[in-house]
1. With runs of 4+ DSSP H residues as the only contributors, calculate the mean residue ellipticity of chain C at 222 nm using -39,500 (n - 2.57) per run, divided by the residue total and rounded to the nearest 500.
2. Under 17 Å from the Cα of residue C:285, which lysines turn up, not counting those fewer than eight places away in the same chain?
3. If we count other beta carbons within 10 Å of each Cβ, what is the order of B:264, D:223, B:129, fewest first?
4. Quote the relative contact order of chain A in percent (integer), defining contacts as alpha-carbon pairs under 8 Å separated by 6+ residues.
5. Which whole-number percent gives the relative contact order of chain C, counting Cα pairs below 8 Å spaced six or more residues apart?
6. Which aspartates and glutamates does residue A:229 reach when only Cα atoms under 16 Å apart count, and residues fewer than 8 places away in its own chain are ignored?
7. Compute the separation of the alpha-carbon centres of the range B:121-142 and the range A:16-45 and state it in Å as a whole number.
8. Which helices count as membrane-span-like in chain C under these terms: full DSSP H, at least 24 Å along the axis by C-alpha, Kyte-Doolittle mean of 0.0 or more?
Amino acid sequence: MILEIHDVSKNFGGLQALSDVSLSVPEGEILGLIGPNGAGKTTLFNVINGVYPPTNGRVFFQSKEVTAKKPYHLAKMGLARTHQIVQPLEELTVRENVMVGACFGKEDHGLGSARELAEEVLDFVGLGERKDQMAASLNVAQKKRLELARALAARPTLLLLDEVLAGLNPSEISAMIETVAEIREQGITIIMIEHVMHAVMNVSERVVVLDYGRLISEGTPEEVSHDPKVIEAYLGDPKLAEEIASGGQQGGGL
Amino acid sequence: MFDILIPSLVDGLLLGFVYGIAAMGLSLIWGVMNVINLAHGPIIALGMFGIYLAFTILGLNPYLALVLVAFAGLVLGILIYYVAVNRVIDAPHLSSLLATFSVNMIIIGIGTAIFTVSPYNVDFTLGAVDIGPIRLLWTRVAAALAAVIVTGLLYLFLFRTRTGKNIRAVANNRTAAELMGIPSSRVLALSFGIGTMLAAIAGGLIATFFPFTILAGGGYELRSFVIVVLGGLGNPLGALVGGLILGSLEGIIPVFMQTSWVPVIEFVLFVFIILVRPSGLLGSRV
Amino acid sequence: MKKLLWKLFIVLALTSIIITACAQTPTQTEAPAEEPIEEPMEEGEQAEEMEEAEVPAGEDMTATTLTLGYTASLTGRLNVSSGRQDNGLQLYIQDLQDAGGFEVGNEVVTFEPLFYDDESTNERVQELYTRLATEDNADFLISPYSSGLTGAAAVIAEQYGKVMITTGAASDSTYKLGYTGVYQAYTPASRYLAGAVDHLKALDPDLTQVAFVHENDQFSTDVVTAAKDYAESLGYEVVLFEGYDSETTDFGPFINKIEAAAPQALLGGGHFQDGSTFARQLYEKGVDLAYVALLVAPPEPDFAELGEAAFGIVGPSQWEPLAEFTPESAAEAGLEWFGPTGDEFVERYVAAYDEEPSYHSAGGYVAGLILQKAIMDAGSYDPEAVKDALDAMDILTFYGRIKFDTSAESHGLQIGHSMIYIQWQRPSGELEKEVVWPPEGATAETIYPLP
Amino acid sequence: MKILRKPGFWLPIMLVLLLGLWPVMTDNAANREVVNSILVSVALASSLNILLGYTGYVSFGHIVFFGFGAYTGFYLMSEQGWPIYAAMIMAGLVPAVLAYLLGSAILRLRGAYFALATIGINEAARAFVKNFDPLGGSVGMQLNFQIYNDYGGAAQALWLTYYLLLGVTIVILIVSYLVRFSKFGLGLMAIRENEDAAEVMGVVAPSAKTRAYVISAFFPGIVGLLFFFKNATILPGDAFRLHLSIETIVMVMLGGAGTVLGPVLGGAGYQRLRGTLLVTPLFRNVQLVVAGVLLLTIILFIPAGVVGWLRYHVRGLRRVLE
């Protein structure tokens, strides 16, 4: 198992964003993580990579306990992620953005080799032409690819993808799905949060469903999509879900 | 011991009200738009000179002149907002810090050209009254009273008027307020104006009992920072309480050690609170 | 489009600034900034009064103008006293120019002032004296007002080998740093309040408790440290000894402490602005003291603006218009007399500035006088020769006796001059200064204890 | 050396060197004093840039290090009789250690809170030194004039101070360049742009920030010692002047934060402007107004500063101006 999560809970003030979530991910798998808005998916990512310490429970990465370790510890161990809301380093060039990933990721590259690696990865995600632009000048789809390139340049063993497809048009979506599949072929384990259902169902080997911070279903795409609990969850009040989600993400603050 | 403690405390508290008003302006601006107004000190100084000019040239009663100074402060603040702050309201902190600091430089520069850096004095006295061992100067009492009145009016305005409610809405969540049709830049400008108005009033009150120079605002600005952090950034009522705390500290500390240790204690406390409890002793926001 | 033009303009402006910054152009050709001197005198009456001033019209005489460089605190917290000092010095230079200068060998020398406003800050003093010593290349330097600023200026004078006459700078410490070309016109700080302690002892032998509250700067610290030691040696108990910041405007905490410590006498203060505020707040708070002596502020005529708060306050003074040093007293003491008499000085000063001179004014005037005398004695304006002349100087002027310490450890310290003490009284209803100490110069009885 | 072929490396250094050699060539003390004050500004601005420009932390407390270093060195020279070279090293090290200790506490704070804390530290430091008698308290310390004799007399000592300052300034520029174009520097810039994202990518932000803080604190102390050695007097009010911190920020912003050349141009431009207006009675006060308007214009319209703006708008200059 590359990642094991035992009974993880996370509270924000009075709000229970995650309750007793347990999960194991074997090496090489593509795991889909779905659920209505505010189900706690991004919070789970944040707990896994150390942005938030869990209130309860433990997290193991590559069989080492990483509960409440800082994000940079996990990054050095080989965990990389993209953000649902893109976070480019705006005043740096596209290449420099990716070099940050290479320099400070698992392989700890020097500037020279990081530069080569960055160009390689940028070509791979299709941003090769734009490497000298400022990251701020990219459009949303390009910024998503930049997020991906940064994560890949870290040479991770586990990659957390947070809605890389959101906001893309159909042709961009299929291009991105292809890219994800290629990444998978490099032997990188992937957990992806996704709302574009057909994509998740096509790419994932296994799917996990969160609702109100609880893991309510787990199995092959086929099994999950027929689980009555899942269907019920998606029929739930979307507005309420949104409130929880926004509540969950504001905790950082100043 | 008591003979000195009580008068020192009273002196400190009376000043504390005025400090509170100055800090309230800073706090309001921070609370509404997350801007630290580094032009606060010079505006306090302008308030002092406003009273000076009104008193010596127009021969106005200082408290009457205070109304004029307040109005001028409001207008000046709105002007400053549109010229210097509006454009950088969403930029990183450094931008608004430096934008307001450049306003500081401009005011000090012009002020120095007009008034030089020499001390001025409003030769005004209301006499004193003896209560037991304590001698109260009426100018100090009047300043404290004025501070309380201004605070009361500010709260009536913020909680009882539509504009005031708009200000609070913008402070709470600017994006949401804009979606609800509140003209945010006008509200921000008004808030900035009220913030500087409070600074000008505080300066005006101080001018009735202490001599001052165009640079004198600096010390009160620094005190305002301390107070704002004591009372919670963005919490105007907290600023008044913070002012009273600081005032009493300034009164009482000298009883126990050399007066020159006061700023050391003040600023160490300040840094300590930022580190340990950045929301302030009373928590932020109203 | 408009935005673009804006940007273009800004960039142009910035580049020009940078170019001026990097372009290595010292603008030495510019005439030094000269503040307009207030016209000091009516024509006619003064020229002959300057000693040694008759300029022979011989053709073999060449005219030489030496620049006296200095800064004055025309603005800032020291403005009042420094302004007086500047007035005094300007008056001296004007007198000299009107008299046509003085003879040195076959040259007729006059002085010309070159000065800037230092805004009462150390930083500007350092920058400006550096400029005076290098770019402006002033021939001789006069100190700014106050010990703190003079301390900063003296180093620079010494670094560039310029002779500096200090005035308005009493601190002893400046003269204990190994300088060789800095000469003090004022009675040193260590002797400022010693007389007040003697005065107090004479007034009331039973009084035992005194308090010292002083400005935290070089001058006032030097003064009160010496005075405290002296008071203690006379058996006084010092119940409060505390310093305040130069910028202090709220003396409340100090006044509360004074009331709690309940001394009968208060000595201290600092400079004019803080001293006046202190006196005012002491009065407002109705502090019960029998004797109050403050530094610097009381002898200034402006102190009277405090009204009732000024009444009874004692202050040490370097010179008062009432003090009588005359050519006759010089002859009696076997000293050489130099310069105008006190009456002449007061008369000209009042004519020029329409105000009473204070000791700061006299100090400014006498600084120029000392330098002139030294150059005349040296017969040259070579700095080394002038230094020798200053070392040897022992003269009496309207301001008093001038003689410098020539020992290595405190070279340049004034050892000839002494202090007098004034008190604000109401001899005829109006507030007026009266000399109350030492007894031989006193013009009135001391009002003691204070009401 | 590959680095020597980079115009971005040698351009700032050549500029400073040319400027620095001008008084030497003309053998003119007046020129030296003009350049001396420019060098102080450039050195302060460039060292602050490492924290402000590269790391994005707005410190109003840069002058704390200037003051503490100066006091340390001054104390060692005047009370302990140390030679200036040894005192310089301590004047750098003591503030660096202080920055390390302070940094671990206050670098956790973000944005305005960090800025406020640094203001507090500056004020606390000044007030403390005013009360601290071993360092002379509120009347400060003075050097005995004889100390200049150890360096060949006052005139020689002033030249020596000047050369040392020039050397230190050039070292700062080299360090600034090396940091800017290193992996460490890349990490700092990632922190500047988005600290959370940088941490997720593996940048160990706390230690990187602390290191940047320490590096930027090492130099101002040395500059401070040289500055006050020249003036032979040190006072708390002069050593911990909040206004100087702010002016230094202005210089960095003027030239372009985050670039190597920017603080050089900003420092030189600001100081020259100041020096020119300083002695012009009519414009003495306008100095502040001019500087204020200039700063405001920069903030509002070209927040990247001169160098940043040129880099952005003139493509050809990108390789030259770093």
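1. Only helices count here, giving -12000 deg cm²/dmol.
2. C:257
3. Exposure proxy ranking, most exposed first: B:129, B:264, D:223.
4. 27
5. The value is 17 percent.
6. Cross-link targets: A:211, A:218, A:237.
7. When both Cα centres are located, 69 Å separates them.
8. Within chain C the helices that satisfy the rule are C:2-22, C:359-378.
Each value in this text was obtained by applying a stated rule to the coordinates, not by laboratory testing. Small disclaimer: the values here were computed from a predicted structure and weren't measured. Note: ideal-geometry Cβ built from the backbone for every residue, glycine included; neighbour counts use all protein chains shown.
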